Amino acid sequence: MIPDKVLKAYFNLSEIVNISPFGNGHIQLTYRVETKSKSFILQKINTTVFTNPELLIKNHLLIQQHHKLSKDNEYLIPEIIKTLDGNNYFFDTNKGFWRLTNFIENSYSLEKTATSTQAKEAGKAYGWFLTSLVNVKTSLFEEPIPDFHNLSFRLKQFDDAVDANIAERRDLVSSEIEFFIERKNFFLDIENEVKSGKIPLRTVHNDTKINNVLFEENKAKAVIDLDTVGPGNVLFDYGDALRTIANNSAEDEENIENITLNWDYFCSFTEGYLRKTKGILSLSEKENLHKAPLLMTYIIGIRFLSDYLNGDIYYKTSKPRHNLIRSRVQQFLLKDMEQKNNAMKTYILNNL
Ligand code: ADP
Ligand code: GN1
Ligand code: MG
């Protein structure tokens, strides 16, 4: 429930006609607040995950300001709405840290891609996002979650989760643990290449899953969930997007037969993404792009498994073993991507 004090900070209570939990994000508590004239998205920021929530607001305002001034605002982003007192957030130690944005009207989000057009549209939208921030200095953004896609850091967290075995689940997942350990050096080599400076630092979205794009009819309309925007590289966005957008299954599919990379969606997303970004990407970025879906699927796979081992303390879950199921999806998807990786490389290079 939303405390009255929070609602009163933003609204005259008599204006509100409905409030309902909204969307399927794994991190924030998200509500749609409907008033007589329009709707809003009110979110309680998860301050266990985002320990410095003011930073989210600062980064968001930076993007918002740039978006307003930019000529290239083909897609929308959510805009922060101030409290009645003129603040960009509402904070009260007991009530939490809250943020209001406009509701992107006439839009819907997807949990799973249904058509190649949607994959291509998502590619264009995330490609636009990267390109649109090319002139905003990366140093202006502070990392909201330090080391967010740093593989060595995530592996350390994974090792710690395995060693601590807090939820006493380690014996249940020994083959899953083995799966990730076997591949560790392969992915660390990729990370070393990135760290050697071949892949430039950019301002990136950092959380490009399918439900962070909003659609209207068959067209992408907005890029949302700007909480992780900050320093990173193009592999993070391209790779993380394909992990959900080109997955034949949902992120928590239990029937393992369905978990494969959808080749049409891979091609369509890539076509859309490159259409918007090929003018700004360097040769080394283009040549390494095909490694990204595997790297990001691996990273998210160990994050889900670590959370399962830790007793489900990070991601929202709605059933027992939810994080384990999600981690297994990443494993099956990764195996299929390994088979298709040469073809992925060829497709990318032929589309430049
Ligand atoms: P989380 O960090 O928990 O993923 P999000 O900011 O992505 O939170 O919001 C969760 C979901 O709420 C999104 O996937 C989307 O469906 C919906 N949503 C969020 N912001 C908006 C908005 N401004 N307009 C319409 N829908 C939104
Ligand atoms: C989280 O917030 P949401 O649901 O868009 C997570 C991402 C993971 C994703 C896996 C801040 O994204 O990094 O890839 O779950 N966001 C954060 O579904 O940890
Ligand atoms: Mg989200």
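The values are calculated or read from the model by the stated rules, or taken from the named source; none is laboratory data. Not measured: the values here are computed from a predicted model. Cβ coordinates were reconstructed from backbone atoms using ideal geometry, including for glycine residues, and neighbour counts include every protein chain displayed.
Name the residue, out of I63, I77, that is within 16 Å of ligand 3 (Cβ to nearest atom), out of contact with any strand residue (DSSP E or B) (no Cβ under 8 Å at 6 or more places or on another chain) and within 24 Å of E143 (Cα to Cα).
On the way: I77 fails: out of contact with any strand residue (DSSP E or B) (no Cβ under 8 Å at 6 or more places or on another chain).
Going through I63, I77 in turn, just one is within 16 Å of ligand 3 (Cβ to nearest atom), out of contact with any strand residue (DSSP E or B) (no Cβ under 8 Å at 6 or more places or on another chain) and within 24 Å of E143 (Cα to Cα): I63.
Tell me the helices (runs of 4 or more DSSP H) entirely within the range 188-295 that contain at least 3 residues that are within 16 Å of ligand 1 (Cβ to nearest atom) and modelled with pLDDT of 95 or more. So that I can check it myself, show each step before the final result.
Values: elements: 234-245, 263-277, 283-288.
In the range 188-295, the matching helices (runs of 4 or more DSSP H) lie at 234-245.
Pairs only if they're at least six apart or on different chains, beta carbon under 8 angstrom, first in the range 159-180 and farther than 18 Å from I325 by Cβ, second modelled with pLDDT of 95 or more and part of a loop (DSSP other than H, G, I, E, B); list them, first residue then second.
Close Cβ pairs satisfying both conditions: A164/N310; I166/N310; I166/G311.
Give the residues of the range 164-179 that are polar (S, T, N, Q) and assigned to a loop (DSSP other than H, G, I, E, B), sorted by residue number.
N165 - this is the single residue of the range 164-179 that is polar (S, T, N, Q) and assigned to a loop (DSSP other than H, G, I, E, B).
Restricting attention to the range 1-40, and to residues there that are free of Cβ contacts under 8 Å to residues at least 12 places away in the same chain and among the hydrophobic types (A, V, I, L, M, F, W, C), which single residue is surrounded by the fewest Cβ atoms within 10 Å (Cβ to Cβ)?
Here the residue is M1.
Among T277, T317, T270, T297, which is the only one that is out of contact with any strand residue (DSSP E or B) (no Cβ under 8 Å at 6 or more places or on another chain), without any contact (Cβ under 8 Å) to a residue 40 or more places away in the chain and among the hydroxyl-bearing types (S, T, Y)?
Testing whether each residue is out of contact with any strand residue (DSSP E or B) (no Cβ under 8 Å at 6 or more places or on another chain), without any contact (Cβ under 8 Å) to a residue 40 or more places away in the chain and among the hydroxyl-bearing types (S, T, Y) leaves just T317.
Would you mind finding the one in N233, N212, N206 that is in contact (Cβ under 8 Å) with a residue 40 or more places away in the chain, among the polar types (S, T, N, Q) and more than 11 Å from ligand 2 (Cβ to nearest atom)? Give the derivation first.
Working: N212 fails: more than 11 Å from ligand 2 (Cβ to nearest atom); N206 fails: more than 11 Å from ligand 2 (Cβ to nearest atom).
Exactly one residue qualifies, and that residue is N233.
Within the range 91-107, identify whether any single residue is within 30 Å of I259 (Cβ to Cβ), within 13 Å of ligand 1 (Cβ to nearest atom) and not charged (D, E, K, R), and answer yes or no.
yes
Would you mind telling me which numbered condition in (1) on the phi > 0 side of the Ramachandran plot; (2) buried (at least 18 other Cβ atoms within 10 Å of the Cβ) N165 fails?
Single failed check for N165: (2).
Inside the range 1-58, can you point out the residues that are assigned to a strand (DSSP E or B), among the hydrophobic types (A, V, I, L, M, F, W, C) and within 18 Å of N211 (Cα to Cα)? Can you show your working first?
Step one: of the range 1-58, the residues assigned to a strand (DSSP E or B) are 16-21, 29-35, 39-44.
After this cut, where a residue has to be among the hydrophobic types (A, V, I, L, M, F, W, C) as well, the list is 16-17, 19, 29, 33, 40-42.
Selection gives L29, F40, I41, L42.
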